[in-house]
Every structure is written in structure tokens, then in C-alpha cells.
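The values are calculated or read from the model by the stated rules, or taken from the named source; none is laboratory data. All of these numbers come straight from a predicted model, not from anything done at the bench. Cβ atoms come from the backbone with ideal geometry, glycine included; neighbour counts cover every protein chain shown.
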Amino acid sequence: MSGWKLTLKAAPRLRVDLRSVSPAAFAEFDGVAVGRHVVHHGNEAVALGDLFAIAPGVDGELRLEGDLSKLDRIGWQLAGGTIRIDGDAGDYLGAGMSAGEIVASGSAGMLAACEMSGGRLEIGGDAGDFAASALPGSMDGMRGGTLLVRGNAGQRFGDRMRRGTALVFGDAGDFVASRMVAGTIAVAGRIGAHPAYGMRRGTLLAAGPAPALPPTFVGNTVDIGVFWQLLSRDLARHGGAFAALPKRRVQRHLGDLAAGGKGELLFVA
Amino acid sequence: MELNGITIDDSFAEAFPMKGTRLIVTAHDMTWARHAAVATTGFATSVIACGCEAGIERELSPDETPDGRPGISILIFSMSGKELAKQVEKRVGQCVLTCPTTAVYAGLLEGDPIPLGKNLRFFGDGWQASKMIGGQRYWRVPVMDGEFVAQETTWVTTKAVGGGNLLLLATDTAAALHAAEVAVAAMKALPNVIMPFPGGVVRSGSKVGSKYPTLGASTNDAYCPSLREVAKKSDLSPDIGSVMEIVIDGLTDADVAAAMRAGLKAAIALGVGSGLKRIGAGNYGGKLGPFLYHLHKLVPGAAA
């Protein structure tokens with residue numbers, strides 16, 4: 001096993017597709033093979049060595065440096081190993097990943113963590129629209145693993161999400177948890193319009209200011225203290241605004257009644 | 001061997017492999033956790049007719065439980081994983097699910113998985129909800145006091161040992177009972193073991209076989225004081241008026257040995273003046289179980 005550090009030489013003109021760049025595949029390569037590895041820049045094939053300065057890195061780890069906001073599909077279907085990104089990432093960051101870890105210091109484009117099924121993805125900055133959601137035409141969004149967004153999330157965060165845990169430390173845009181099938185979404189900051197629209201099951205936790213209760217949700221006064229301690233203690237591990245959750249009281253609302261009403265929207269007091 | 005005037009038989013306890021699991025039951029307060037735990041471990045003295053052997057391991061403070069409430073850890077042992085799964089489902093379904101405010105969690109996280117809340121969830125009639133938290137699946141079942149939360153799975157160890165034992169031979173019933181109570185109290189302080197009989201003590205020790213062909217076990221006539229003068233063979237000297245047995249089940253071989261060591265130490269400390277004359281152990285000549293616990297190796301001061 002060996003690791004690599006790839007530093008972007010200059011921002012590419014067109015978008016670059018990095019789906020074939022994985023820590024596992026590159027661990028077997030020598031420096032020459034890494035440099036010759038072909039990726040697509042627009043519709044043109046280019047060698048990785050033309051885009052990046054390549055140096056050996058930490059074992060089992062792939063480190064990417066520079067403004068990678070035009071580089072899409074980093075960590076596409078990642079099944080193991082670690083990718084560290086020093087800078088922003090493009091669209092589809094960690095899409096379809098099933099194991100391993102991706103840590104990006106900057107922001108991510110659209111569709112980050114979409115259809116993610118396992119592992120851990122941490123975005124230091126903001127996540128664009130449709131993070132933790134489904135690929136166009138697909139029935140299920142994020143279906144496992146843990147997504148942490150340290151900044152704000154765009155619209156439709158967790159659309160059609162089915163399983164896993166997705167945390168937003170900042171604000172979330174409109175339609176967070178729309179059409180959610182199951183899983184857990186927690187937002188520490190403000191929540192945009194129409195939260196949990198069409199939610200079937202699952203949990204949307206507003207750990208910050210409570211949004212207006214959507215008309216298709218209904219309050220429920222039952223004591224869910226046991227479940228709340230299990231959930232809040234797990235979320236508290238991630239720190240930040242979530243650390244104090246176990247000590248706070250929770251208020252439960254059921255919905256979306258237009259879609260079965262088996263989901264829950266939790267406010268904390 | 002004689003310690004504090006008490007004769008320690010040159011004998012050994014013979015134990016056999018079992019499958020075991022630990023469950024954590026929590027509730028609104030310790031009273032209700034105990035109600036659930038006592039019911040769950042009821043009628044579980046011997047696998048001969050109960051299907052399992054179960055007992056309370058210890059009480060758990062709120063900072064030791066997954067949901068921050070008081071709880072009790074219980075151990076359940078069976079001869080097979082299949083029977084254990086059946087017993088866990090029946091007992092948790094009838095005694096924990098039914099008990100106000102309780103929740104139930106796995107107390108072992110490695111070994112072979114068996115259902116805990118996995119099948120009980122269907123009590124929810126479609127209203128049950130599952131939740132993955134920290135890599136574990138939990139079920140939330142709506143019940144009349146709120147919701148019953150149960151971890152989906154618990155895990156079974158195949159390294160468990162059942163049938164460790166001590167025989168306490170004393171001048172009379174009061175002395176035998178006192179010695180047994182003291183020994184059980186010392187064993188209860190240890191983790192990973194239970195003493196499944198009432199109060200940890202059994203007075204109807206058995207031998208293998210019977211004059212009646214349908215019975216696999218019958219009274220241990222060699223240790224019945226009432227038969228000393230008439231039985232073909234009695235192991236009791238004239239000064240013994242009462243015998244009590246303590247049976248120990250543990251999650252590992254070492255746990256059972258540690259419990260026997262603690263029980264021996266506590267009983268021997270009583271001295272012969274207490275009326276405790278002799279300590280023995282039950283065995284089947286070494287034919288039944290692969291685990292043998294020699295008393296002389298477990299008494300205080302013995303080389304470990």
C-alpha cells in the first residue's frame with residue numbers, strides 16, 4: 001500500500017471527471033502509473049500528470065490539493081481508504097460511496113453524498129443542492145453511512161434519503177428531507193421553507209431555531225425520552241451544536257400526513 | 001485438606017458448555033427495571049425443565065446504560081443457541097415488553113447474533129419504526145405508555161459454562177443456609193456469573209439416573225441426611241445435618257472459577273464454629289463435562 005499527494009497545477013478550463021481515481025487503485029501504482037492515469041477533461045482524455053503535481057503521501061490515503069471545484073465525482077463509489085481534499089470539491093463528491101472516508105476542507109458542489117451507502121463523508125464548508133439525495137431517476141437517496149456538513153447545505157438536502165445519518169452544522173436550504181424514506185437528518189442552524197415535504201418515515205431534527213410547522217404535520221406529546229437519549233447521545237459525538245442535545249428536551253411532530261405520517265419532525269427546547 | 005477447621009474435599013465440580021447472552025433492561029426507575037428483570041429471569045433455575053438458566057447479574061447506574069436510566073443486566077444461558085433464541089424472545093416478549101417504561105438492549109456485542117427486538121417489533125402491527133443509531137438497529141414499538149424501544153439483535157457467546165457448584169455441608173439447616181447465603185453474596189459481587197436457583201441456592205441436588213426408567217435425574221441420596229443410615233452409600237458423616245448446593249453459570253470458564261474461588265473464600269472465613277463442617281463439589285466422575293474445577297486448586301492460598 002502506498003498513498004499519493006496530488007496538487008492541482010492550474011484550474012482546468014472545463015470540468016474534470018475523477019471517478020476512476022481511488023485510493024485503492026492508486027495504492028498499487030508507482031509514480032509513473034499515477035501520472036499516466038487517464039481522466040476526462042470535458043470530452044478530452046488527459047493524463048493525471050498534466051493536471052496535478054504528483055508526490056508520495058501517507059499510506060492508504062489519497063490527498064488532493066488546490067481549488068478542485070471543477071473536479072467532479074471525487075470518491076465516486078469509494079469502497080475503502082481515505083481521500084483528503086485540501087480545498088473545494090466539484091459535484092458528486094462521495095456519490096455512491098460504500099465505505100472509507102472522505103474529508104474535504106472546503107465546500108462541495110451539487111449532489112455530494114448522493115446515494116452514499118456507507119463510510120464517512122465530511123465537508124468542511126458548504127454543500128450544494130441535492131446533497132445526500134438520489135441521482136436523477138433513482139428511487140432512493142443516501143442509504144447509509146455518515147455525512148457531516150460543517151457549513152450550510154443547499155436545497156433538497158436528503159431528498160429521498162433512505163438510511164444513514166446526515167448532519168448540517170450550519171443552515172439548510174428549502175425542502176430539506178423532502179420525500180425522505182427513512183434515516184436521520186439533523187440541522188443545527190436555520191431550516192428553509194417546506195421542511196420534510198412528502199416525508200414517509202425517518203427523522204428530521206431541527207436542533208436550532210424551530211421552523212414553522214408544515215400544515216401536513218401534527219404535534220404529538222408522547223414521551224420519547226428513551227429513543228431521544230439513544231439518538232441525541234449518538235449525535236452528540238459529532239460535537240458543535242449537537243454536543244448539548246442529550247440535555248435538551250424534544251418536541252415531536254408526526255408527518256408528512258400526506259405521505260403516510262410515519263415520519264417525525266423533532267424540535268428541541 | 002482442612003481450612004479454619006472446615007474439611008475441603010479432594011473433589012471437583014464438573015461443568016458443561018452452554019450458550020449465553022446478556023441483556024440490559026432499563027426503566028423509568030430501578031423498581032420497574034427490577035420488576036422486569038425478576039419476571040424475565042423467573043422460572044429459569046435449571047435447563048432440565050425451564051429451557052434456560054437465567055439470573056440478575058447486577059444493577060446498573062444511569063451512567064452505565066445506553067439511555068441514561070437505571071437498569072439491570074441479566075444473563076441467560078441455554079444448551080443450544082436455538083433454544084436460547086426461543087427463550088429470549090418469549091421472556092423479553094412477555095416480561096420486558098409488557099413491563100411499564102422498560103427498554104431492552106444487547107449486553108454482549110460479539111458472538112453469534114440472535115433476535116432481540118427483531119420479531120417482537122411485529123407487536124406494533126405496522127406502526128413499529130426502526131432506527132439505525134451508531135451502527136445498531138433499534139425498534140420503536142408504540143405501546144400504551146409511550147414506546148417500547150428494543151435493540152434488534154443480541155449476541156451469544158459459545159464459551160459460556162454452566163454447572164459450576166459448591167456443596168456446603170453443615171451441622172444443621174440454619175448453619176448450612178447461613179454459609180450458602182454468605183457464599184452467594186460473595187459470588188454476586190463478581191461480573192459475568194449468575195446463581196440461577198432461588199436465592200442462588202439449591203437443596204435438591206441430583207444424581208444421574210433413577211430407579212424409574214423415565215427419569216433422567218433423581219435425588220442425590222448419598223448427600224441426603226435423612227438417608228445416611230439406610231442408603232447403600234452415604235457421603236455424610238454423623239455430624240452433618242443439612243447440605244446446600246450453589247450452582248454457578250458464567251460467560252467463561254474463568255468467570256465460573258473466579259466465582260467458586262470467591263464462594264470458597266467467604267465460606268471458609270466463617271470457620272468451623274459457624275456449623276459449616278465440610279465443603280464438597282458435585283461431579284459425575286468427570287464423564288459429563290469438559291470443565292473440571294478442583295476445590296483444592298481454588299481455595300485461598302492455592303497456587304492459581
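Matching residues to (1) under 24 Å from residue A:100 (Cβ atoms); (2) of a type in the set (Asp, Glu); (3) in a strand (DSSP E or B):
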{"site": "A:12", "(1), (2), (3)": "no, no, no"}
{"site": "A:21", "(1), (2), (3)": "yes, no, no"}
{"site": "A:35", "(1), (2), (3)": "yes, no, no"}
{"site": "A:39", "(1), (2), (3)": "yes, no, yes"}
{"site": "A:45", "(1), (2), (3)": "no, no, yes"}
{"site": "A:56", "(1), (2), (3)": "yes, no, yes"}
Open item on the list: With the condition being modelled with pLDDT of 95 or more, of a type outside the set (S, T, N, Q) and buried (at least 17 other Cβ atoms within 10 Å of the Cβ), I'd like the helices (runs of 4 or more DSSP H) fully within segment B:6-123 carrying at least 3 qualifying residues.
Closed with: B:30-40, B:81-91
TODO: From the list A:145, A:118, pick out the single residue that is surrounded by fewer than 21 Cβ atoms within 10 Å (Cβ to Cβ), over 18 Å from residue A:90 (Cβ atoms), in contact with a strand residue (DSSP E or B) (Cβ under 8 Å, 6 or more places away or on another chain) and of a type outside the set (Lys, Arg).
DONE: A:118
Open item on the list: Cβ contacts < 9 Å: first residue under 23 Å from residue B:105 (Cα atoms) and within 13 Å of chain B (Cβ to nearest Cβ), restricted to segment A:229-252; second residue basic (Lys, Arg) and crowded, with 20+ Cβ neighbours inside 10 Å, any location; separation 6+ or different chain. Result?
Closed with: A:229/B:69; A:230/B:131; A:231/B:131
- [ ] Considering only residues that are among the small types (Gly, Ala, Ser) and under 11 Å from the mean Cα position of the chain (by Cα), look in segment A:155-196 and name the one that is nearest to residue A:258 (Cα to Cα).
- [x] A:158
TODO: Looking for whichever is touching a residue at least 40 places away in the same chain (Cβ under 8 Å) and within 14 Å of chain B (Cβ to nearest Cβ) here; the options are A:166, A:188, A:206. Which one fits?
DONE: A:166
TODO: Could you tell me whether any residue of segment B:207-214 is surrounded by 14 or more Cβ atoms within 10 Å (Cβ to Cβ), among the charged types (D, E, K, R) and modelled with pLDDT under 95?
DONE: yes
TODO: Determine whether residue A:180 is assigned to a loop (DSSP other than H, G, I, E, B), within 14 Å of chain B (Cβ to nearest Cβ), in contact (Cβ under 8 Å) with a residue 60 or more places away in the chain and touching a Lys or Arg at 6+ places or on another chain (Cβ under 8 Å).
DONE: yes
Task: Filter result for residue B:198 (loosely packed, with under 15 Cβ neighbours inside 10 Å, of a type outside the set (D, E, K, R), in contact (Cβ under 8 Å) with a residue 24 or more places away in the chain and out of contact with any Lys or Arg (no Cβ under 9 Å at 6 or more places or on another chain)) - done: yes
- [ ] Scan segment B:98-142 residue by residue and report those that are of a type in the set (Val, Ile, Thr) and facing chain A (nearest Cβ under 10 Å).
- [x] B:101, B:102, B:133
- [ ] Quickly run through segment A:133-149 and pick out the residues that are within 10 Å of the chain's Cα centre (by Cα) and more than 13 Å from chain B (Cβ to nearest Cβ).
- [x] A:133, A:147, A:148, A:149
Open item on the list: Just to check your reading of the model, which residue among B:254, B:183, B:231 is of a type in the set (Gly, Ala, Ser), assigned to a helix (DSSP H, G or I) and out of contact with any strand residue (DSSP E or B) (no Cβ under 7 Å at 6 or more places or on another chain)?
Closed with: B:254
